[in-house]
Amino acid sequence: MTTIYIDPSKKKEQIVKLSDGTYGVMTAMKEKGGLAYKFSFTAHLHPNFLMTHAPIDGDVENVHSIDGEQRFKIQWLSKH
């Protein structure tokens, strides 16, 4: 499982770091049911995915891609 570190104070767009040392971008997008969050990754190790709810600390997202299933855990960055 790969952890995505998110700064909860940045609601619209931010660069996110993953536990394997790679990076990505989280972008808020307007959808019919409210906001959805698109995760796009710079390395081709992980599939891009859309989360249809706000990220919550400790959530685990299962993402299916042509390379198989990957699991991502959401973790808030500490304020230290």
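Quick notes on this structure:
- The Rg/Rh ratio for the chain is 0.94, where Rg is the radius of gyration of the alpha carbons and Rh is the Kirkwood radius.
- With contacts taken as Cα pairs under 8 Å at a separation of at least 6 residues, the chain carries a relative contact order of 28 percent.
- Separation in nanometres of the label points that stand 7 Å from Cα toward Cβ, at residue 52 and residue 19: 2.6
- Sparse-neighbour loop sites [trypsin sites (Lys or Arg not before Pro); the range 35-80; at most 12 other C-beta within 10 Å; DSSP]: 79
Laboratory data are not the source of any read-out in this text; all were calculated from the coordinates shown. Here the structure is a predicted model, which is why all the values come from computation and not from measurement. Here the Cβ is made from the backbone with ideal geometry for all residues, glycine too, and neighbour counts use every protein chain on show.
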